Amino acid sequence: MSEQPTRRDVLGYAVRGTGVVALGGAAAFLATRAAAEGAWTIDPTKCINIRLGLTGVDACALCASECVVPLSAIRAVNDYAKCGRCCICPAYYDVTSEVGSDGLPMRKLCPRDAIERTAIGEVDPDDPLNNFYEYIIDEDKCNGCGDCVMACKEPAGLGSIKLEVRNDLCLDCNRCAIAQACPDDAILREVKETT
Ligand code: SF4
Ligand code: SF4
Ligand code: SF4
């Protein structure tokens, strides 16, 4: 009889990517944003940081640097329904950094320390590699630089982190400065719905 896998066996050091799940999320994202009337939005199939199939390159930071709002109106958002709650989340840890005595990378990825990591469920205090973790993005710190979004894509992650225009922060500029700068025309003005 085969042995039952432990949580560590199941999770490994990072989650396996599933393009189907991420594509479903992209479609759901678009549908949700389409309900907002006349708002600027990000097309996840165009944005360099979000779109699938592009990995191993530097994240595009224009959403962080080009917005007219001092702390950009763009934020990273984690879709918890898709998050693998990985032990070594590639969006949280700089997985290229040195590994410490606890088996975890010693550096974090986010340049603004905007991601909080908390062990959840039945916690094994003696082995951090044998736990699930929740990753929460602090929207007061995040500036939408995209580093975590790029790192969360398959094959390292599940693509649960996306960038989003926060309409409560956006000034709704007639000509969005980020849209002017975006190399992939990924910032779109949604068509006003008529009744
Ligand atoms: S400027 Fe365009 S490609 Fe760059 S992060 Fe923003 S939406 Fe993505
Ligand atoms: S988008 Fe940048 S600032 Fe925001 S949580 Fe991700 S890495 Fe940190
Ligand atoms: S419309 Fe203006 S405030 Fe909103 S994201 Fe674009 S540049 Fe920033």
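The values are calculated or read from the model by the stated rules, or taken from the named source; none is laboratory data. A quick note: this is a predicted structure, and the numbers were derived from the prediction, not measured. Neighbour counts are summed over all protein chains in view; Cβ atoms, including those assigned to glycine, are modelled from backbone coordinates with ideal geometry. The area values use the complete protein model at the heavy-atom level, side chains included, leaving out ligands, DNA and RNA. Shrake-Rupley method; radii C 1.70, N 1.55, O 1.52, S 1.80 Å.
General remarks:
- Each label was represented as a point 7 Å from its Cα along the Cα-to-Cβ direction; for Val68 and Thr118 these points are 3.7 nm apart.
- Whole-percent carbon and sulfur share, accessible surface of the range 27-139, 1.4 Å: 54 percent
- Projection of the Cα convex hull of the range 127-171, averaged over all directions and equal to a quarter of that hull's surface, yields 4.4 nm².
- For the range 35-135, alpha-carbon Rg and Dmax in angstrom: 16.4, 52
- Fully extended contour minus Cα-Cα distance, from Glu139 to Glu98, at 0.36 nm per residue: 12.0 nm
- If only the Cβ of Lys and Arg carry +1 and only the Cβ of Asp and Glu carry -1, the dipole of the range 51-195 around its Cα centre is close to 500 debye.
- Cβ crowding within 10 Å averaged over residues, with 44-56, 97-109 ranked highest first: 44-56, 97-109
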